[in-house]
Structures are given as structure tokens and as C-alpha cells.
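Below you'll find the structure, written out as C-alpha cells, and then a few comments.
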């Protein structure tokens, strides 16, 4: 079975400003939460996957990295020192330690699993503890992108219908788009991260089939075709995340919202693409539900 998208980590410098932007887009957001290691987040829960808006809230709490461990916080801090945008892609997991062993057996960096918990505010105002285990995978050719799996230990306290209902009719993340000069050269990494049979090579592109979605890596020409408003000179020279697609019920309603809120967008065939310059460094594409 192919991996499924669990969530996307969108690094922003001003969490409240980002929350305001996503509210203007018609999303419901969870209350801000803080982590003991210096970051803060707010989530957009969808149907089975979600967006994580992440910011550095207390840099003085960031501890030095430890050999053999992937420092989620240091990675985010380095990323934000250069730009805002999507920094990490996360896959759902039933067993993060099994994922870590699988990554190591396939020759990916052998990072130690990471366990943590935090208090989450529920829709009724009460609080509960949510807990997670993470298994990371990186490639030195992609210093601006990281991947990990996420195992939830208390999903009954995490997923809440009140947070999953959105005025814009958003349902789920169905695609993630990366830019790379030579997508095919990254096939060896993604064959280890997912499965070799999940990869489909095309001219200037590499598609990774996921459960319920796709990760698509495009060269400059195909990226321009996919996101015509994307400014290539604003992107790093190394492979990076540039956008994602969310399936929605009604594009007409979203178009009206974007026009009312004066949010720049481009209309395509059954799609609406927001402007990355306004969207904290990432293009959000709304795609009509089929």
C-alpha cells in the first residue's frame, strides 16, 4: 500500500498573520498551540489530512541538535531564515518505529524516532493531550525539503468535526508539487521513501502515487505550465516544495471569496490558484471535486 498524505508543514514568520490569511480563504483553524522546544502552530483539519502553520515562537528554547536525530526545530528555523513556504511533507503512519527501520534498511539516513505530546484545546474549550511519534527521511540533494511519517497515539482527541468543517467546502489535500531541475534524478530517493512501483517518470516530471493523492516533481518548463504565475527566481536552486492542491465542493463560492477578499488568483480548468507572494511563499490550488 502506498503512503497517504498526513499533513503539510507550512513555515511562516507571523503565525497570526498566516491564520488571518487562511481564515480569509474560508478555512476553520484550530487555536494556536505551543511546543516546549520553541515553535507554535495552528492547524487546518481536513477530511483525513491537514495543514500545519508553523512558526518560531520562542527561539531561546531551541536546543542544539543531537547527532543521529533530525532537529525539526532547527530545520524550520534555517528554512525561515531564507524564506517562508512549505518545508516538510508528512505521511500517515500506523507504526513510526517500523517506518524508521524500513527507511534504514533501504539506505535512507537512520534518524532516531521522535516522540512528543502536547495539550490541545478542544472545540468545547476543554483540553486533552495529543501524542505523536515521527520517523524522518531526508536527502542531501534536497536541503530545503524534508519528509517524515507521523503516528498518532490519541486520534480521538485530535480529529474534531467542528474543526473539519470549512466555509469554503475544503475536503482534503490531493496533490503536492515540487520544483527540481532534474526530477528523474530524485527517483532513487522516492523509490525508497514510498515504493518503486509508485513512481511514474515523464518528460521533465516525476509523479509519486500516494494513497488518495500524488506528489509531483516538475522541472522549470513543466512548473511554469502548471503554475504560470510562479516566479522561478524566487525559488532556491535545489529541489523544493512550491504548491499543493485541495479538493473542494464549489469553486464558484471560493472565487467569490477570493474576489471579495482581494486575494490574487488565477483561474484554470476546474482550478483556482492563489498567488504565492500573498500566500506566505506557497501556491494553494483549489480543485473542483470530481
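The values are calculated or read from the model by the stated rules, or taken from the named source; none is laboratory data. A quick note: this is a predicted structure, and the numbers were derived from the prediction, not measured. All Cβ positions, glycine included, derive from the backbone under ideal geometry; neighbour counts span all protein chains shown.
Inside region 147-167, can you point out the residues that are within 19 Å of the chain's Cα centre (by Cα), touching a residue at least 60 places away in the same chain (Cβ under 8 Å) and not in a helix (DSSP H, G or I)? Residues satisfying the conditions are 148, 149, 150, 159, 166.
Can you find a residue that is over 22 Å from residue 79 (Cβ atoms), buried (at least 19 other Cβ atoms within 10 Å of the Cβ) and in the same structural domain as residue 243 (by TED's automatic domain parsing) anywhere in region 174-186? Checking region 174-186: at least one residue is over 22 Å from residue 79 (Cβ atoms), buried (at least 19 other Cβ atoms within 10 Å of the Cβ) and in the same structural domain as residue 243 (by TED's automatic domain parsing). Please find, among 256, 262, the residue that is exposed (fewer than 14 other Cβ atoms within 10 Å of the Cβ), at positive phi and free of Cβ contacts under 8 Å to residues at least 12 places away in the same chain. The match here is 262.
Counting the residues of region 235-274 that are touching a helix residue (DSSP H, G or I) at 6+ places or on another chain (Cβ under 9 Å), part of a loop (DSSP other than H, G, I, E, B) and within 21 Å of residue 142 (Cβ to Cβ) gives 3.
Of the listed requirements (1) over 19 Å from the mean Cα position of the chain (by Cα); (2) under 26 Å from residue 213 (Cα atoms), residue 8 misses just one: (1). Among the candidates 112, 87, which residue alone is touching a helix residue (DSSP H, G or I) at 6+ places or on another chain (Cβ under 8 Å) and in a loop (DSSP other than H, G, I, E, B)? Being touching a helix residue (DSSP H, G or I) at 6+ places or on another chain (Cβ under 8 Å) and in a loop (DSSP other than H, G, I, E, B) holds for just one of 112, 87, which is 112. None of 23, 78 is in the same structural domain as residue 113 (by TED's automatic domain parsing), under 21 Å from residue 275 (Cα atoms) and free of Cβ contacts under 8 Å to residues at least 24 places away in the same chain except 23. Among residues that are closer than 26 Å to residue 151 by Cβ, surrounded by 14 or more Cβ atoms within 10 Å (Cβ to Cβ) and touching a helix residue (DSSP H, G or I) at 6+ places or on another chain (Cβ under 6 Å), residue 57 is not included. In this structure, is residue 284 in contact with a strand residue (DSSP E or B) (Cβ under 7 Å, 6 or more places away or on another chain), more than 18 Å from residue 142 (Cβ to Cβ) and either surrounded by 21 or more Cβ atoms within 10 Å (Cβ to Cβ) or modelled with pLDDT of 95 or more (or both)? Yes: the conditions hold for residue 284.
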